[in-house]
Amino acid sequence: MLVRQLDLLSAPPQIYFLQKKTNKTLFGGILFIIYIFIMLNITVVYLLDYILKGKYDIRYSLYKNFTYNEEEYNKNEDLNPHLNFTINIKKLSQNLERSEVGRQFYIIDLYGNEIERNKTYSSTCSNMSFSVVYACFLDCDWDFNKDINDTNAGYVLNISYSGYKINHQDKIPLEKNNDKYTFYKEFFFSFNRSTFLNIYWEVIKYKEEKGLAGLIDKLLDKKNEFTSIDIGSYEQSYTERPIEEADPESSLLIIRGLAFIRMINNHNHYAEYIRSKKSILDVLANIGALFSTLFSVFTFIFSFYSINFDNYKLVKEVLSTSKLLKKENKKLFRSKSINFEDIPFNKKLYEKDDITSNDSNKTFPTNFGDIDISKTEKNNSKRIKFIYFILDNFYCGGKNTKKKFDIINICNKILSKYISIDAILYNQIVFESFLKEYTDNFDIIKDNILFRKLKLLIDK
């Protein structure tokens, strides 16, 4: 059926090792204990990081875009909001002490209107440009010939405006510009030269990534993007001498331009924050990925040992079994009616020295009892240490250890010869020819003890 062909869950048959699923070794057990110890520590660290730290992952990016439409963007209240501004001027002494300035200092906006000091004005960032001038009528208190490098004539321009609040762990991460959060910037200018100041504003965007929940928020018209604005950078330049202007009709009124402030919101760059909520499933996924990766590393390390040791163990077990057969005098006789010449023989699988006589009256050779591969030195029985199974992959050793490596390599060759698919297939064909002689007198399934037990269970 087609449905059966779609079954991709069924696993291929498993091959058992010495009647066990795997060959359990001491070295493998030690490596697994180390692996579990490392992963337990990693798991604890990840869980503590999830519990103790913030529940959100934050990403910050700075974008620069020079294909902007400044006029169009400035019509958007989110990108060019109205803020409450307060402007003040202080005089600096040589000791950096601050004091109030006289009434001759004026702050003038773009339209020639006076902006009173310490008074709140509402305006968009792009329209909040002004100048600081000193005007005197009859009571001018400076000397026109005074040295322009006079250090006493230093001033501070303080610009306060509605600020914002960023808290990455709050429900609303970005509170837009509000009078609750007052920001300010200070700029310095001199009385003996004119200062030109370009202040660039920077839009701040905050987005939340919610995955599937974000689609639901869109349907419910729930806002997941927040904006605010702040001063990003500024450029400052000076003139050698102050800009002065006198009344052409009367020299009694003199105006000196001290600072010219231009605020720019051109939208050619903006900062963006993106946050995504951390889930315990994300933490478990990260831990699981590390489990898999580290397990592969330990498996790779263990493979240098297991490949050689497993082959050694199998050959040793076969030789032990042949000892038991010899003690019990169990011999397997070849059928007298089978002619080996009728069986196709692949010389590539077996060398001449390995082929036993084709005389059907002789038994299979099982007398390997005199071979003991655990003896690595004459009259001194020792086990091959696990380190030799690892070092054999690189074959590093002297004359004293060459015999141990030779034993391991011969065991590998035995397994590669008899467990290869072509050798198993050939031997199966030969064995099938033997079974034909016993079909009438020997029931393989019926006389097998395990199948007899299975039949008893079924018949109950």
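Any read-out appearing in this document is the output of simple, stated calculations on the displayed coordinates, not a laboratory observation. Keep in mind it's a predicted model, so treat the numbers as computed, not measured. Using ideal geometry, Cβ is built from the backbone for each residue, glycine included, and neighbour counts are taken over all protein chains shown.
For residue 301 and residue 169, FRET efficiency with R0 = 60 Å and r from the beta-carbon atoms, rounded to 0.05?
0.90
Which value in nm describes the separation of the simple spin-label points at residue 280 and residue 406, placed 7 Å from the Cα toward the beta carbon?
Going from the residue 280 label point to the residue 406 one covers 6.3 nm.
For region 53-65, just list the computed ³J(HN,Hα) in residue order, Karplus coefficients 6.51, -1.76 and 1.60, θ = phi - 60°, integers in Hz, with x standing in for Gly and Pro.
8, x, 8, 10, 9, 10, 10, 10, 9, 10, 10, 10, 9
If I take R0 = 22 Å and measure r between the Cβ atoms of residue 236 and residue 110 in this structure, what FRET efficiency does the formula 1/(1 + (r/R0)^6) give, to the nearest 0.05?
Numbers: r = 20 Å, r/R0 = 0.89.
So the FRET efficiency works out to roughly 0.65.
Suppose R0 equals 51 Å. What FRET efficiency, 1/(1 + (r/R0)^6) with r the Cβ-Cβ distance, do residue 178 and residue 293 give to the nearest 0.05? Provide the component values of the computation, followed by the final result.
Numbers: r = 47 Å, r/R0 = 0.93.
The calculated FRET efficiency here is 0.60.
What ranking, highest mean first, results for peptides 193-201, 45-53 when packing means the other Cβ atoms within 10 Å averaged over each residue? Show your work: numbers first, answer last.
Working: 193-201: 19.2, 45-53: 11.9.
Top to bottom by mean Cβ count within 10 Å: 193-201, 45-53.
List residues of region 156-193, by number, whose backbone nitrogen lies under 19 Å from a label position 7 Å along Cα→C-beta of residue 97.
Those under the cut-off are 156.
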